[in-house]
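Throughout, read-outs are computed from the coordinates displayed, never taken from laboratory work. Only a predicted model underlies this, so the values are computations on that prediction, with no experimental measurement involved. FYI the Cβ positions are ideal-geometry reconstructions off the backbone, even for glycines, and counts take in every protein chain you see.
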Amino acid sequence: MIGICVPSELPKALVEYFEQSRVALALASAEGDNHLVLVNAPFSRLTGFEPEDVVGHNCRMLQRDAANVEPRARLREFLARPTQPNVRTPIVNFRKDGTPFVNLLYMSRLNTIDGRTRYIFASQFDVSRSQPELLADYDAQLAATLGRLVPIAGDAGIVIEGTLLTIANSAAIVAQAKMMLANLESTPDV
Ligand SMILES: Cc1cc2nc3c(=O)[nH]c(=O)nc-3n(C[C@H](O)[C@H](O)[C@H](O)COP(=O)(O)O)c2cc1C
């Protein structure tokens, strides 16, 4: 199955890069309400949403009615500040079947050479059903994924802003996410 919906204006190499990546990736337009233009198969495996469910929509649909006050404020601040290269935050999300998870969301900018943001790039990871070693492994894969993106984007006239904000203490992040999930499951209306 090809987990990708391909709008014609996207650089082909960028689409192939998404298809080949083993980590969950999503790409959104920098314009308007940041609707998704591309998601890959690992994104669909993680969230249960196929490209046709989410492309053209804002990815906040994964939050359902969770408040997520602090993480959303952090994400909005990133989106509003063109000089901020990236952001990373845990955020409560739900799979298509309604199962909650804590998504460790990474977002960065893909800019044109003249400095305008063309796309927002994102990667998702279920940190609430993980182990510190798995998070460290995902982090290394995401860093490698971003490294491979540099020349591909460069060929398409796109510049990647900033380097990965790596996780300094994966054990603490995983423990915190498991607690968030446990609290959520005991109070389903949060
Ligand atoms: C490319 C991209 C991917 C995103 N992926 C997710 C995601 O997986 N889960 C999520 O909760 N929010 C995700 N977001 C963030 C939301 O779309 C939105 O920006 C955030 O909720 C803050 O804005 P709001 O308060 O207007 O909803 C993503 C945003 C972009 C641009």
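Worth pointing out:
- Debye intensity ratio in log₁₀ form over the Cα atoms of region 81-159, taken at each q of 0.12, 0.22, 0.23 Å⁻¹: -0.43, -1.04, -1.08
- Hypothetical label at residue 159: residues of region 100-139 whose amide nitrogen lies under 18 Å (7 Å Cα-Cβ projection): 108-121
- For region 76-81, backbone phi angles converted through the Karplus equation (6.51, -1.76, 1.60; θ = phi - 60°) give residue-by-residue couplings of 5, 4, 4, 5, 7, 10 Hz, Gly and Pro being listed as x.
- All other residues whose Cβ lies under 11 angstrom from that of residue 46 are scored, Lys and Arg at +1 and Asp and Glu at -1, for a net of +3.
- Remark: C-alpha extents of the chain on the principal axes read 48, 34, 33 Å, sorted largest to smallest.
- Per residue, the average separation of C-alpha pairs within less than 8 Å and at least 6 apart gives the chain a relative contact order of 20 percent.
- For residue 58, distant residues with modelled amide H under 5 Å away: 36
- Highest-first packing order for the peptide set 129-140, 100-111 is 100-111, 129-140, based on the mean count of other beta carbon atoms within 10 Å.
- Centroid-to-centroid separation of region 17-77 and region 112-167 [C-alpha atoms, Å]: 14
- Hydrodynamic estimate: the Kirkwood radius of region 58-103 over Cα pairs, inserted into Stokes-Einstein at 20 °C and 1.002 mPa s, corresponds to D of 188 µm²/s.
- 222 nm mean residue ellipticity, helices alone, for the chain (DSSP H n ≥ 4; -39,500 (n - 2.57); rounded to 500): -12000 deg cm²/dmol
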